[in-house]
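See below for the structure under consideration.
The values are calculated or read from the model by the stated rules, or taken from the named source; none is laboratory data. Note that the structure is predicted; figures quoted are calculated from it, not measured. Cβ coordinates were reconstructed from backbone atoms using ideal geometry, including for glycine residues, and neighbour counts include every protein chain displayed.
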Amino acid sequence: MSAVITQRLVDLVRALDAAGHGRRTALCRAAAHDLGLSLATLYRKLEEVTVVTTTRKRRADAGKSDLTRQEALAISAALIESARRNEKRLYSLGDAVDALRISGMIRAEAVDKATGELRPMSLSAIGRALHSYKLHPDQLLAPAPVTELASTHPNHVWQIDASICVLYYLKPGADSKTNGLRVMDAAEFYKNKPKNLLRVAMDRVWSYEITDHASGWIYLEYVMGAESGENLCSVLINAMQERGDADILTVAPRS
């Protein structure tokens, strides 16, 4: 359902709540005509946007949990650390809780109000507690909200990014046999040999990509050295140069 239809239906619900007896059917028929829907389809879509309220009394202990915040922090940290080490969430909630209980770092227990017995909390209750503390991995690992840029015409908004080539570097030399593009062999360039990486730092290849937000036009240029202000300015100047009428992004938009 599009945003326009949803907004029209929400407005209709408000109008129906305020309408007097005998006017609701007329309002629904008018809305169905405006949206190009049958009356039956309109009623079905109204059910999707209508908020159903309940008179059920809220529990006195709603929102409270027997899991302490310190225990929730320990469980959350174990899950996040597992994800960091393995680039994915390897630990399940059950595995994390069992390991932390065995190590004595958490108890995660609740009192049975009927018998007074102290029992381990269920995984579902622990999961709800993590959500209530806003410590669940699904919450912590969620991407940050993004605001879409607005561009009214080509050449209005450009975006630029620099990326280092992790596979190749250019080896300078006195002749064609010793210089040229080289592969960064994993046996020679890895974390236990930082000096090898430092030695070719200024010979590594960087790519600058510029894109026009309105049209999706892309300009690419490879540079040597590093991500620097000098390289950034050089690439921007080159991207702005006139390259003929075929390249519309180097021509000022007509008013």
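From A83, A96, grab the single residue that is in a helix (DSSP H, G or I) and at pLDDT 85 or above.
When all the criteria are applied, what remains is A96.
Quick check on this structure: which one of L135, L93, L100, L79 is surrounded by 14 or more Cβ atoms within 10 Å (Cβ to Cβ) and touching a residue at least 60 places away in the same chain (Cβ under 8 Å)?
L135
List, please: which pairs have Cβ atoms under 6 Å, are six or more places apart or on different chains, and start with a residue in segment 138-153 that is surrounded by 10 or more Cβ atoms within 10 Å (Cβ to Cβ) and end with one that is at pLDDT below 85 and assigned to a loop (DSSP other than H, G, I, E, B)?
Filtered contacts from segment 138-153: H153/P253.
Which of the following residues is of a type outside the set (V, I, T), at pLDDT 90 or above and part of a loop (DSSP other than H, G, I, E, B): L135, L130?
Of the residues listed, the single one that is of a type outside the set (V, I, T), at pLDDT 90 or above and part of a loop (DSSP other than H, G, I, E, B) is L135.
Considering each residue of segment 1-15, count those that are more than 15 Å from R44 (Cα to Cα) and touching a helix residue (DSSP H, G or I) at 6+ places or on another chain (Cβ under 7 Å), and give that number.
Qualifying residue count, segment 1-15: 1.
Within segment 197-212, restricting attention to residues that are farther than 14 Å from N238 by Cα and surrounded by fewer than 17 Cβ atoms within 10 Å (Cβ to Cβ), which residue is modelled with the highest pLDDT?
That would be D203.
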